[in-house]
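Please read the structure below before turning to the comments.
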Amino acid sequence: MKQIRLTKILAASLLCAASLGVALAQTTTTTTTTDPVTGTTTTQQTTTSTAGNIVTYTPNSDYFMFRTASGAAPVRYYYTKDTTVVDPEGRVVTWSAIRPDMAATVYYSTVGDRVVVRKVVLAQPAAVIKQEETTTTTTTRP
């Protein structure tokens, strides 16, 4: 009975490790072909991933600077409203969770001369930022 449980646990662990490997090794390429007979254009898009650090991020802009190696120059990565940011557990977080020098893995495609990000996976859980505001009212009596 214990051997069956152990076997099930090991099988589940191997399945999880394999699916994680497939998810992290995701690669995408964009290929556009035109049928010479019908003139129909078909576009297929592929995603590539890279790990590094977010160098700068400015809210309400359409890009952030990302460095893949410590000696490399930062590169401009563009994002869209469809770009998602997730923590290491896969939970979606807001763009406000991104900070400079934060380690991340970026899944992107090249569209024309732009590198367009599809998904950003943060290396560490996003810190919860709690902002409190206190108002004090003073009343003076004559």
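Would you mind stating whether Tyr77 is open to solvent by 40 Å² or more (accessible area, probe 1.4 Å) and of a type in the set (Phe, Trp, Tyr)? Talk me through it step by step, then tell me what you get.
Working: open to solvent by 40 Å² or more (accessible area, probe 1.4 Å): no; of a type in the set (Phe, Trp, Tyr): yes.
No.
What is the one condition in (1) open to solvent by 70 Å² or more (accessible area, probe 1.4 Å); (2) assigned to a strand (DSSP E or B); (3) more than 16 Å from Thr46 (Cα to Cα) that Thr110 does not satisfy?
(3)
Considering only residues of the stretch 25-61 that are exposed (fewer than 13 other Cβ atoms within 10 Å of the Cβ) and not polar (S, T, N, Q), which is modelled with the highest pLDDT?
The extreme case among them is Pro59.
The values are calculated or read from the model by the stated rules, or taken from the named source; none is laboratory data. Since the structure is predicted, the reported quantities are computational estimates derived from the model, not experimental observations. Cβ atoms come from the backbone with ideal geometry, glycine included; neighbour counts cover every protein chain shown. Note: accessible area is taken over every heavy atom of the protein model, side chains too, but ligands, DNA and RNA are not part of it. Shrake-Rupley method; radii C 1.70, N 1.55, O 1.52, S 1.80 Å.
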